[in-house]
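A short worksheet on the structure shown next.
The values are calculated or read from the model by the stated rules, or taken from the named source; none is laboratory data. Values in this document were obtained by computation on a predicted structure and should not be read as measured data. Backbone-built Cβ (ideal geometry, glycine too); neighbour counts: all protein chains shown. The accessibility values were calculated without ligands, DNA or RNA, using every heavy atom of the protein model including side chains. Shrake-Rupley method; radii C 1.70, N 1.55, O 1.52, S 1.80 Å.
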Amino acid sequence: MRNLDQHTITQEVIARLADTPDPRLKEVFGSLVRHLHDFAREVSLTEDEWAKGIAFLTATGQKCDDKRQEFILLSDVLGLSMLTVAMNNAKPPQCTEATVFGPFFVDDAPHYDNGADVANGAAGEPCEVSGAVLDPAGRPIAGAKIDVWQADAQGLYDVQRDELDAAQGRGVLHADSEGRYHFHSVLAEAYPIPTDGPVGEFLAATARHPWRPAHLHFRIEATGYETLVTHVFREDDQWLDSDAVFGVRHSLIAPWVRRDDGSYSLHYDFVLNPATASKSAPKTSSETAPETTLRH
Ligand code: BEZ
Ligand code: FE
C-alpha cells in the first residue's frame, strides 16, 4: 500500500502483523501500535519531540548495566510496574497483597537460620522482625522460603555500594514448623530512588520527588501457594501517600515499635493464596525476578 497518511497508516502497520505465528504476540504488538499511533496523533507529536523521546530511551538503555536497571525504574515511576502487579495479583481479601518487585533483589542471597542478624554490618538502628506465614484459614505454612531485602540507614541497598563484597540487609530464611519466622536487621528508612540518570531527569522535569516510604521487601515461596512479592511499610512515614513508584497498599502498612533500649520491633504475618490449577506450579526465582537481576 502506498500514500499512507496519518489516518490510514495505523491499520496498514497492524495488517503487516497478520502472519505473526504467536497469537499473543500479535495481539500485544497490534495493540501497542494502535496506542502508540493514537498517542502521537493525540499530542500532535513533532519530529523534534520524537527525536528527544528516542534520545531519552537510548540514554535509559545506556544507563543499564549489571547493577543498574534504568528501564525497570522508568516502568516503576510511570506506574506501569504497579499496574501489572495490580492486574495480575487479585486474591481473596484475607491474603497479603503484592506490590512492586523493584530493581534491588538478588537471586542468590545468603541463607540464615531463624533469629539471625541479616544486617551483617549494615548501618542503622537495630530492629527485630518476626511473624508467621499462614494460609487463608490461619494455618501455618511450615518451611516457607522467605527472601528479605532492605536499604540501610543511608537509604542504600548493598548492591548500590561498590565497596561491599558481602550481602548486607538481605537474606533467605525458612519458616519453622509452625510457620514462624524471625530475624534481626536495621530499621528501614525512607530513601530516594536513583536520580542520577534519565529517570531522575524525568522526575525533575515533571516536578516529582523521588522518595519511597520506608519499607522491607519480602518474597515468600511455598509449594502449593502463589509466590508473594511484597513490602511492609512503616506506618509513620511521610511519603506513604506519594510513593515515587505507587507501591503502597493500606494493608501493607504496619507499626514499628520503639523499645526502651532504643531498638525497634516489627511483627507482621503473611497470608499466602493457594495456587489454582492454572497457577499450580510455584513461580521460580527466574520467573519472579526481573530479567537483569542485580548481583554483587
Ligand atoms: C525498591 O523498593 O527497592 C525500589 C522499587 C522501585 C524503584 C526503585 C526502588
Ligand atoms: Fe526498596
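Matching residues to (1) farther than 17 Å from residue 81 by Cα; (2) within 13 Å of ligand 1 (Cβ to nearest atom):
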residue	(1), (2)
184	yes, no
210	no, yes
215	yes, yes
224	yes, no
228	no, no
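Has the range 13-30 got any residue that is farther than 30 Å from residue 164 by Cβ, in contact with a Ser or Thr (Cβ under 6 Å, 6 or more places away or on another chain) and open to solvent by less than 80 Å² (accessible area, probe 1.4 Å)? Steps first, please.
Restricting attention to the range 13-30, the residues satisfying the condition of being farther than 30 Å from residue 164 by Cβ are 13-30.
Restricting the remaining residues to those that are in contact with a Ser or Thr (Cβ under 6 Å, 6 or more places away or on another chain) gives 26.
Now restrict to residues that are open to solvent by less than 80 Å² (accessible area, probe 1.4 Å): none.
Within the range 13-30, none of the residues are farther than 30 Å from residue 164 by Cβ, in contact with a Ser or Thr (Cβ under 6 Å, 6 or more places away or on another chain) and open to solvent by less than 80 Å² (accessible area, probe 1.4 Å).
What's the number of the only condition in (1) away from ligand 2 (no atom under 16 Å from the Cβ); (2) surrounded by fewer than 17 Cβ atoms within 10 Å (Cβ to Cβ); (3) farther than 28 Å from residue 180 by Cα that residue 63 fails to meet?
Looking at each condition in turn, residue 63 falls short on (2).
State whether one or more residues within the range 239-254 are under 28 Å from residue 136 (Cβ atoms) and more than 16 Å from ligand 2 (Cβ to nearest atom).
yes
Name the pairs whose Cβ atoms lie under 6 Å apart, with the first residue in the range 167-194 and open to solvent by 30 Å² or more (accessible area, probe 1.4 Å), the second basic (Lys, Arg) and away from ligand 2 (no atom under 16 Å from the Cβ), and 6 or more positions between them or separate chains?
Hits for this filter: 174/145.
Among the residues of the range 96-124, write down those that are of a type in the set (A, V, I, L, M) and surrounded by 15 or more Cβ atoms within 10 Å (Cβ to Cβ).
98, 100, 106, 109, 116, 118, 119, 122
One line per residue, one yes/no per condition, for (1) farther than 21 Å from residue 196 by Cβ; (2) part of a helix (DSSP H, G or I); (3) open to solvent by 70 Å² or more (accessible area, probe 1.4 Å):
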| site | (1), (2), (3) |
| --- | --- |
| 41 | yes, yes, yes |
| 51 | yes, yes, no |
| 57 | no, yes, yes |
| 72 | no, yes, no |
| 85 | yes, yes, no |
| 91 | yes, no, no |
| 94 | yes, no, yes |
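I'd like to know if the range 237-250 contains one or more residues that are open to solvent by 80 Å² or more (accessible area, probe 1.4 Å), closer than 26 Å to residue 91 by Cβ and within 16 Å of the chain's Cα centre (by Cα).
Step one: filter the range 237-250 for residues open to solvent by 80 Å² or more (accessible area, probe 1.4 Å), giving 238, 241, 246, 250.
Then keep just the ones that are closer than 26 Å to residue 91 by Cβ; that gives 241, 246, 250.
With the extra rule that they be within 16 Å of the chain's Cα centre (by Cα), the set shrinks to 246.
Scanning the range 237-250 turns up at least one residue that is open to solvent by 80 Å² or more (accessible area, probe 1.4 Å), closer than 26 Å to residue 91 by Cβ and within 16 Å of the chain's Cα centre (by Cα).
Among (1) farther than 30 Å from residue 276 by Cβ; (2) open to solvent by 50 Å² or more (accessible area, probe 1.4 Å), where does residue 223 come up short?
The single condition residue 223 does not satisfy is (1).
Can you name the residue in the range 147-166 that is of a type in the set (A, V, I, L, M) and buried (at least 22 other Cβ atoms within 10 Å of the Cβ) and, of all such residues, is nearest to ligand 2 (Cβ to nearest atom)?
Start the filter on the range 147-166 by keeping residues that are of a type in the set (A, V, I, L, M), which leaves 148, 151, 153, 156, 159, 164, 166.
Retained after the next criterion (residues that are buried (at least 22 other Cβ atoms within 10 Å of the Cβ)): 148, 151, 159.
Numbers: 148: 11, 151: 6, 159: 11 Å.
Per the stated criteria, the residue is 151.
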